[in-house]
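**Q** My structure is below; once you've seen it, I'll send some questions.
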Amino acid sequence: MSLFRRIFSSKSKSDQKSKERHLDDRSKYMPEIDLPIDESFMINFKRNGGKFLYCDDENEVSDSFDKILLENDWYEKDVCCFDIALEHKFSNFNLNYVKSFSASFFFATCEYLIADNGSILVSSNQLREKKLTELPDNFVILAATSQLVKNIGEGLKGIKNKNRSSIPSNITTIKDFEPQKEKDFLSYGNSSKNLYLLLLEDL
């Protein structure tokens with residue numbers, strides 16, 4: 001049974017926070033705890049500042065996406081998206097899908113979720129040839145629990161196996177999810193994103 005399902009169906013938030021606090025309080029000199037992949041990703045992703053919404057099925061994905069739009073007042077706004085399948089799947093949300101980087105948020109899938117550092121592995125399949133700094137500051141990423149891997153090496157191997165005829169370019173990770181409050185010349189080139197992860201249980 002998935003850790004996410006166990007947490008969100010049976011454990012209280014206080015129980016989970018207590019467990020995360022216990023792990024954070026451990027000395028850095030103590031041996032690493034060998035956590036399950038899903039638990040390791042969740043802890044590291046949240047530590048990086050990411051926000052995720054666990055979804056049991058496609059209906060919950062739609063409900064969670066709706067809540068994100070309402071929370072940020074993104075209805076009837078421009079959304080940057082390069083994925084035609086995503087546009088069709090979420091066509092009933094009254095959004096204006098554009099290729100403009102001045103859009104309210106960027107909407108995409110990903111290649112893999114990296115457990116050991118809580119990052120999200122993407123490529124030209126999602127970004128085309130754009131740099132992260134060229135895209136909107138707000139990201140909404142749709143992923144599934146089957147995309148969880150232990151480390152970047154496993155993710156790169158998975159990309160190679162899935163794309164034997166043509167390996168995608170522009171492979172990179174997103175791992176800093178704390179939005180920049182103020183932009184100045186010191187933050188130029190910073191790829192930090194305010195990121196929501198819609199995580200669908202598919203195992």
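The values are calculated or read from the model by the stated rules, or taken from the named source; none is laboratory data. Owing to the predicted nature of the structure, the values given are computational and were not obtained by experimental measurement. In this analysis, Cβ positions are derived from the backbone assuming ideal geometry, glycine residues included, and neighbour counts consider all displayed protein chains.
**Q** Among all residue pairs at least 6 apart or on different chains, which show Cβ distances below 7 Å where the first residue, located in the range 138-152, is within 20 Å of Glu60 (Cβ to Cβ) and the second is small (Gly, Ala, Ser) and assigned to a strand (DSSP E or B)?
**A** Ile141/Ala108
**Q** Looking at (1) out of contact with any Asp or Glu (no Cβ under 6 Å at 6 or more places or on another chain); (2) assigned to a strand (DSSP E or B); (3) of a type in the set (Ser, Thr, Tyr), which one does Tyr97 not meet, given that it meets all the others?
**A** (1)
**Q** What is the residue count in the range 49-81 for residues that are buried (at least 18 other Cβ atoms within 10 Å of the Cβ) and either of a type in the set (Ser, Thr, Tyr) or part of a loop (DSSP other than H, G, I, E, B) (or both)?
**A** 5
**Q** Somewhere in the range 84-92, is a residue crowded, with 20+ Cβ neighbours inside 10 Å and in contact (Cβ under 8 Å) with a residue 12 or more places away in the chain?
**A** yes
**Q** Another question, then. Can you run down the residue pairs with Cβ atoms below 7 Å, 6 or more apart or on separate chains, where the first is in the range 121-137 and closer than 19 Å to Leu156 by Cα and touching a residue at least 24 places away in the same chain (Cβ under 8 Å) and the partner is assigned to a helix (DSSP H, G or I) and not small (Gly, Ala, Ser)?
**A** Note: pairs meeting the criteria are Leu121/Ile152; Ser123/Ile159.
**Q** What are the pairs, 6+ residues apart or on separate chains, where a residue within the range 31-43 that is at pLDDT below 90 has its Cβ under 8 Å from a residue that is among the basic types (Lys, Arg)?
**A** Ile33/Arg26
**Q** Filtering the range 133-181 down to residues that are exposed (fewer than 13 other Cβ atoms within 10 Å of the Cβ) and of a type in the set (Gly, Ala, Ser), which residue is nearest to the chain's Cα centre (by Cα)?
**A** Ser146
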